[in-house]
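Notes follow the structure.
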Amino acid sequence: MAPLPLLAMLAPLAAGTMLGFASYYSDHMVLQKAPAGAVLWGYGKVGATVTVDLTGDGGTIIMKKTVRVKGSSGTWTTVLDPMDQGGPYVLTARQGSENVTLQDIYFGDVWLCSGQSNMAMTVLQITNASQELAAAAHYPYVRVFAAAPARSDVELEDLERIDLPWSIPTAENLGHGNFTYFSAVCWLLGRFLYETLRYPVGLVEVAWGGTPIEAWSSRRALRVCGLPEDVGSPGLSSSTSLPQHLSGPQTPSILWNAMIHPLLNMTLRGVAWYQGEANAFLNTDQYNCTFPALIADWRWAFHTGSAGQTEPLLPFGFVQLSTYRRQSPDDSFAQLRWHQTADLGIVPNARMPGTFMAVAMDLGDEHSPYGSIHPRDKQNVAHRLLLGARAVAYGEKDLVFQGPYPIHAVLEVSRGLLNVIYSQELLCQQRDTPAFEVCCSSSTWPCRWLPAPIVAVGSRMVTLALAGCGTLVLALRYAWAEWPCNYKSCALYNTWGLPAPPFLLHTLPTGGMPGLTRTAGARELLLRPGSWGI
């Protein structure tokens, strides 16, 4: 399907001479259900009164809203009363003798999916594509919408173009082409959510390959991190040029202006984000600020733009980076994974409340026809996002949604061993994988990292050998590599099959921790997030 020619249509509407809904309202759409109210807006004759009717079976009017078209913008906005899940409904806007009607409207949960090329990959490109496409027809209540890539130097009020108007999923619109529409990660997450919730789910894709976070950030968010707001590309973090497949628009705020700002009136239930590969080459060391700043700014903007209907702590899920180059000595991907958690290792955390993460470093795909930076296993990505969404966005109690993480350690000085105690039951998938490294007492700087082989794995404890390290361990890190392990074969998982995330931790001597058996010559260490020596 060719992109809709909305540019020509929007011009007269924006001028306030015609009645119409904004670009992203159409037949088959899903609006956010109760307890929030869905926001509707559109265009009309300046000063005219617009009446919006919501009707159900048999033409019964369920709700009526009346609003005046604002003179300054030629637009009207109204908030529907909260509606329970379900449908179909009909929406009609009237202005004098004019009317516009939208059919087959449902109420459910609306999720926004954004990012770069791994979010833009279509179902056609992923593992088991033919089966996934054939199954699309079984999910008519998961509705899909895709904005077309667009850029602007100023904040736009409406989308310039749409690639896919609100649609019932089919093999054709889910497998339209490569990196076009519709997003595989977004679709699979929505499908899994529907299988859990059993009510309609609306999916809004807004993605562009090869784009850095700065392009998706408002000037307001960039100021938080002290980044330039003026037009022009942000500087590279090193002399390395961006690879060709990471060369999307880089200008600060250019995609925020054109693709996010127009959607701010939309009432959302959550956000899924898959981005970061571009920032492994661009402003890497600032991502621990730019990412939390984007999350906080989007939350404020959507809450404000929807007249308070989108909750202030909008659930925000993201995919931690997968892999790129096997055997690469570069650790920029490892750094970026760490910065994706605001240097705290796991989420939600104090700097990133209400967030959840899908670890993907064990889903590498060296033989992907789209390049190894584009792994085809998006089912596991979406499943791990689903677990986080169920726990964080939907409040499911006692649901394990992330892998094991270390909580403290014991250094057995006399034996040269380090016992790392974890938060969950452990499964050691690959004991021989060179996963752990320690930073030892040394006069050299930056830190000299040495391998710490696994010598034993207990229920919740990993024992590491410290040969050649001495007795003073300054820091510990895990899976700190661009390609840390083979497919689904990292060293540590929990009993639910979720990988332990990578980490970089300082070790600090403590006065003892209750409940821990001390051995002769042993010294307890407290682990805390680290940010140096990387």
Checklist entry - Among the candidates L363, L387, which residue alone is modelled with pLDDT of 95 or more, open to solvent by less than 10 Å² (accessible area, probe 1.4 Å) and closer than 20 Å to A272 by Cβ? => result L363
Next on the checklist: Suppose we keep only residues that are over 23 Å from L197 (Cβ atoms) and open to solvent by 60 Å² or more (accessible area, probe 1.4 Å) within the range 161-175. Which one would you say is farthest from the chain's Cα centre (by Cα)?
Outcome noted: E172
Next on the checklist: Scan the range 306-316 and tell me whether some residue there is in a helix (DSSP H, G or I) and surrounded by fewer than 24 Cβ atoms within 10 Å (Cβ to Cβ).
Outcome noted: no
Next on the checklist: Looking only at the range 291-305, count every residue that is touching a Phe, Trp or Tyr at 6+ places or on another chain (Cβ under 8 Å) and open to solvent by 10 Å² or more (accessible area, probe 1.4 Å) and tell me the total.
Outcome noted: 1
Item to check | Lone unmet requirement of (1) free of Cβ contacts under 8 Å to residues at least 24 places away in the same chain; (2) in contact with a Phe, Trp or Tyr (Cβ under 6 Å, 6 or more places away or on another chain) for D398 | outcome: (2)
Checklist entry - Inside the range 489-504, can you point out the residues that are within 23 Å of the chain's Cα centre (by Cα), among the aliphatic types (A, V, I, L, M) and over 15 Å from M357 (Cα atoms)? => result L504
Next on the checklist: Which count do you get for residues in the range 269-290 that are outside any strand (DSSP E or B), within 19 Å of W111 (Cα to Cα) and open to solvent by less than 10 Å² (accessible area, probe 1.4 Å)?
Outcome noted: 1
Next on the checklist: I want to confirm something. Restricting to the range 144-199 and keeping residues that are of a type in the set (D, E, K, R) and either in contact with an Asp or Glu (Cβ under 6 Å, 6 or more places away or on another chain) or not in a loop (DSSP other than H, G, I, E, B) (or both), which single residue is farthest from N380 (Cα to Cα)?
Outcome noted: D163
Checklist entry - Of the residues in the range 94-116, how many are part of a loop (DSSP other than H, G, I, E, B) and touching a residue at least 24 places away in the same chain (Cβ under 8 Å)? => result 2
Checklist outcome for this item: For the range 72-93 the number of residues that are without any contact (Cβ under 8 Å) to a residue 40 or more places away in the chain and more than 14 Å from A22 (Cβ to Cβ) is 4
Next on the checklist: I need the full set of residues from the range 208-251 which are at pLDDT below 70, open to solvent by less than 30 Å² (accessible area, probe 1.4 Å) and in contact with a helix residue (DSSP H, G or I) (Cβ under 7 Å, 6 or more places away or on another chain), in order please.
Outcome noted: P234, L246
Checklist entry - Can you tell which of G59, G74, G47 is buried (at least 19 other Cβ atoms within 10 Å of the Cβ) and farther than 21 Å from Q309 by Cα? => result G74
Checklist entry - If T355 passes every condition in (1) among the polar types (S, T, N, Q); (2) open to solvent by 10 Å² or more (accessible area, probe 1.4 Å); (3) modelled with pLDDT of 95 or more but one, which one does it miss? => result (2)
Checklist outcome for this item: Checked the range 37-48 for anything part of a loop (DSSP other than H, G, I, E, B) and either closer than 23 Å to S167 by Cα or without any contact (Cβ under 8 Å) to a residue 24 or more places away in the chain (or both); matches are G37, A38
Next on the checklist: Can you pull out every residue in the range 460-489 that is of a type outside the set (G, A, S) and outside any strand (DSSP E or B)?
Outcome noted: R460, L466, C469, T471, L472, W480, E482, W483, P484, C485, Y487, K488
Checklist entry - Could you count how many residues in the range 131-153 are hydrophobic (A, V, I, L, M, F, W, C) and open to solvent by 20 Å² or more (accessible area, probe 1.4 Å)? => result 4
Checklist entry - From M83, M119, which residue is buried (at least 17 other Cβ atoms within 10 Å of the Cβ) and assigned to a loop (DSSP other than H, G, I, E, B)? => result M83
Checklist entry - Residues of the range 423-464 being of a type in the set (D, E, K, R), modelled with pLDDT of 90 or more and open to solvent by 60 Å² or more (accessible area, probe 1.4 Å), which ones? => result E425, R460
Checklist entry - Among (1) more than 19 Å from V381 (Cβ to Cβ); (2) open to solvent by less than 20 Å² (accessible area, probe 1.4 Å); (3) of a type in the set (K, R), where does R337 come up short? => result (1)
Checklist entry - So, of the residues in the range 390-400 that are touching a Lys or Arg at 6+ places or on another chain (Cβ under 8 Å) and surrounded by fewer than 20 Cβ atoms within 10 Å (Cβ to Cβ), which turns out to be nearest to G345 (Cα to Cα)? => result L399
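Conditions tested, residue by residue: (1) part of a loop (DSSP other than H, G, I, E, B); (2) over 27 Å from the mean Cα position of the chain (by Cα).
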residue	(1), (2)
I373	yes, no
R376	yes, no
H383	no, no
A389	no, no
D398	yes, no
F401	yes, no
I407	no, no
L418	no, yes
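The values are calculated or read from the model by the stated rules, or taken from the named source; none is laboratory data. In this text the structure is predicted, and so the values were computed from the model without any measurement. We place every Cβ from the backbone using ideal geometry, glycine too, and count neighbours over all the protein chains shown. These accessible areas exclude ligands, DNA and RNA; they are computed on the full protein's heavy atoms, side chains included. Shrake-Rupley method; radii C 1.70, N 1.55, O 1.52, S 1.80 Å.
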